[in-house]
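Below is one structure, written out as structure tokens; comments come after it.
The values are calculated or read from the model by the stated rules, or taken from the named source; none is laboratory data. Values in this document were obtained by computation on a predicted structure and should not be read as measured data. Calculation scope for accessible area: heavy atoms of the full protein, side chains included, ligands and nucleic acids excluded. Shrake-Rupley method; radii C 1.70, N 1.55, O 1.52, S 1.80 Å.
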Amino acid sequence: MEMIELSLGQLARRIPGATRLFDAHRLDFCCGGNKTLRAAAAAAGVDTAPIVEELRLLAERADTGGERDWQDAPATELVEHILARYHAVHREQLPELIRLARKVEQVHGDRADCPHGLAEHLSAMAQELESHMRKEEDVLFPMIVRGQGPRAGAPINVMRMEHDDHGVALRAMEAMTNDITAPGGACTTWRALYTGLRTFRADLMAHIHTENNILFERFAPAVVH
């Protein structure tokens, strides 16, 4: 099958570095990973030719940059990785980001380019993400660890839908922050906030990709369209 007819999720699993390429071209490989490269590029108004060429070069190099390829890891080990690398990290990231956002809004609220409402938005994201992670930790992941992954289609579908909601929340966060770009004259706190937001966005997208396109695909493959 031609590369352009493979889904973003399939390409992200097979080609190290593809996720960074998709992110650079604003192609949603985590929540929209079941779309073919052709369909995703058409929806985004992006030319596929240079993307396909870059993917071919990445595939030829097959350089993971020192990162482990989790594609063939045992399910139990992959779950442990998700818990340590993403669940624990998000719980550390969000309280500090909320604190910084509140400070920026309190100090710079009179500026038109201040991210008004960001602290409240991040608080809502934190609540939704905590609820989501708890469902995984209490229901889905124990099923997978017990070897019941093939029977977990229903909770996996729910988690995928909630991942879509997280993606919508990320887009709203980007809209509030000029794509997380600090304006001229931004103070140190403001810049630190946006640095943290960029890290959080990258981590959450990698988190969703790891679950949707690697872990969940083993038990409830998404329909490619």
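Some points to look at:
Here is a yes/no grid of residues against (1) among the acidic types (Asp, Glu); (2) open to solvent by 60 Å² or more (accessible area, probe 1.4 Å):
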position	(1), (2)
ILE98	no, no
ASP110	yes, yes
ALA119	no, no
ALA124	no, no
HIS132	no, no
VAL139	no, yes
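- Scanning region 28-45 for residues that are part of a loop (DSSP other than H, G, I, E, B) and open to solvent by 40 Å² or more (accessible area, probe 1.4 Å) yields ASP28, ASN34, LYS35, GLY45.
- Residue satisfying all of: in region 4-15; open to solvent by 40 Å² or more (accessible area, probe 1.4 Å) and more than 20 Å from ASP164 (Cα to Cα); modelled with the highest pLDDT among these: GLU5
Residue by residue, here is whether (1) at pLDDT 95 or above; (2) open to solvent by 20 Å² or more (accessible area, probe 1.4 Å); (3) assigned by the TED database to the domain that holds LEU129 holds:
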| residue | (1), (2), (3) |
| --- | --- |
| HIS163 | yes, no, yes |
| ALA175 | yes, yes, yes |
| THR181 | yes, yes, yes |
| ARG191 | no, yes, yes |
| LEU204 | yes, no, yes |
| GLU211 | yes, no, yes |
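- Filter pass, LEU78 being part of a helix (DSSP H, G or I), at pLDDT 85 or above and within 20 Å of the chain's Cα centre (by Cα): yes
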